[in-house]
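Right, one structure below, let's go through it.
The values are calculated or read from the model by the stated rules, or taken from the named source; none is laboratory data. Everything numeric in this text was worked out from a predicted model, so none of it was measured. Glycine also receives a Cβ, built like all others from the backbone with ideal geometry; neighbour counts cover every protein chain displayed. When the accessible area is computed, the model is the full protein with side chains, heavy atoms only, and any ligands, DNA or RNA have been set aside. Shrake-Rupley method; radii C 1.70, N 1.55, O 1.52, S 1.80 Å.
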Amino acid sequence: RKLEDEGTVFIQNTVRLHNCIFQEVELRNDQGNDCYIEFITDEVATSFCVFAQIKSGNSYKDKSGYKIPADSNHLEYWKLHTNPIAGIVYDEQKKEGYWVNISEYVNQNPQILEQKTHSIRVSATNRFSDFNAFKNHFTDYIQKYKSFENYGKSLDNFAKIGNPHICHDGFKSLYTNHRNRSSAWFYIISSFGKIKEPGIHQNILGVISNYIPSDDIFWSKSNKEFLYKYDLRKTLADLLTQHFKFKEVSISLDFIRNGVVRGTFSYRVFKVLSLIADIHKILLEITYSETDAARRDFDFWLFIYFAQWQSKDYAIAEIEIYFQNFKDADSDGIIRALEEAFRNNEEILIG
């Protein structure tokens, strides 16, 4: 395990040294991927994403050089993948990694799919520390994944909600390669409640939040080209309003129950929820379904925030009804403090 961690840290540090994004994949299994790498160019995320299998140790080296052994399940999994996959072997003696384009290899050698086992050779000239060569290779190769055929495969994989690893692959391909298709967003958002894996929920909420302008950035002529267009944000808001109901909002709330803090993922989820036109009604319904007092108070606190934009009188009236229904409510006095603020015609801010 120590050697595996050493290899992962080497890859992670190399990627970040070149100002790109390294993200571990929590959905790992015997066939799954260890991480994905997103390329950054001129300080801007390109959305070009490569999944990677990381192998460390002497078992991945023989007299002929480096290798990645695979069985038929691995080979079939890689063939079906809708994102490019790199294999990286870490040599602990040389403190260096060596890579191969697994996707390209499998597609160029379809006969290996009939084999029970196969070893993919990894060239010692493909040093991972020469990261720009790795980046340039996959940036060119990724263009092949923008096709309509890949879009169909991505949808098919995304629909496999019973297999989180395949479903996650489909989602990443939809976002990475096809996010300019409005239909892709329809499938992503409308399927949110059907998915069982929290890691995929987190990924979906995260990419939606990318389309909400940051409160911490001053938009000017020098950077307004990176400000996402209002039309797309409106499309996402309409889809969220249509498809995010009791179940979907309840799932999202689990990512913010420790508090909404500006600059953290919780604040990004909060901003996603703010795009839902009737979010106050949904939160009120969730509040009254909750049996745990602390969770119920949190849900109602968030409801109060959104209710104030309907009217402060409406928020005050609902607060009074809330206290009539729940004698154990508001153990810390926050809700009463909010009510007093509304009576003084003050606004409540979050984050």
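Listed values, structure above:
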| read-out | value |
| --- | --- |
| Heavy-atom accessible area per residue - the stretch 133-210, 1.4 Å, Å² | 40 |
| Percent RCO, i.e. relative contact order, over the stretch 223-318, from Cα pairs under 8 Å lying at least 6 residues apart | 23 |
| Orientation-averaged projected area, Cα convex hull of the stretch 249-299 (nm²) | 3.3 |
| Size of charge dipole - the stretch 75-187 - debye, nearest 20, with Cβ of Lys, Arg +1 and Asp, Glu -1, no other charges | 240 |
| Value of Rg to Rh for the chain (Rh from inverse mean 1/r over Cα pairs, i.e. Kirkwood) | 1.05 |
| Within the accessible area of the chain (1.4 Å probe), percent carbon and sulfur | 49 |
| Largest to smallest accessible area among T117, T14 [probe 1.4 Å] | T117, T14 |
| Charge dipole magnitude, Cβ of K and R +1, D and E -1 - the chain, Cα centre, debye nearest 20 | 1140 |
| Total charge dipole magnitude, the stretch 253-351, about the Cα centre, Cβ charges on Lys, Arg, Asp, Glu only, Debye to nearest 20 | 380 |
| Charge dipole of the chain about the Cα centre (unit charges at C-beta), most positive-ward option of H118, T287, I11 | H118 |
| Nitroxide proxy distance, nm - points 7 Å out along Cα→Cβ at E340 and L17 | 5.7 |
| Given K172/K234; K116/K196; K61/K160; K94/K160; K135/K234, the pairs whose alpha carbons are separated by over 30 Å | K116/K196; K61/K160; K94/K160; K135/K234 |
| Computed helical MRE - 222 nm, the chain, DSSP H runs ≥ 4 contributing -39500 (n - 2.57), nearest 500 | -15000 deg cm²/dmol |
| Nearest-0.05 FRET efficiency for Y288 and Q115, computed from C-beta distance (R0 56 Å) | 0.45 |
| Contact order relative to length of the chain, as percent, for alpha carbon pairs under 8 angstrom and 6 or more apart | 10 |
| Among S182, H201, Q242 - extreme Cα towards positive end, dipole of the chain, charges at beta-carbon | S182 |
| Cα-based reach from K247 at 20 Å (exclusive), listing aspartates and glutamates while leaving out same-chain residues under 8 positions away | E197, D238, D278, E285, E290, D292, D297, D299 |
| Two-site label geometry, K63 and S147: point separation in nm, points 7 Å out along Cα→Cβ | 4.1 |
| Descending Cα extents along the principal axes, the stretch 244-337, whole Å | 33, 25, 24 |
| Accessible area, probe 1.4 Å, largest first, for residues S274, S209 | S274, S209 |
| Bins of 5 Å from zero: percent of alpha-carbon pairs in the stretch 86-155 | 3, 13, 20, 20, 18, 15, 8, 2, 1 |
| Environment charge of G57, counting only residues whose C-beta is closer than 10 Å and scoring Lys/Arg +1, Asp/Glu -1 | -2 |
| Gaussian network model of the chain, Cα within-10 Å springs - most flexible of I204, I195, I21 | I21 |
| Dipole of the stretch 268-351, positive end: most advanced residue of A277, S331, F342 [Cβ charges, Cα centre] | A277 |
| Mean shadow area of the stretch 64-121 over all directions, Cα convex hull, nm² | 4.2 |
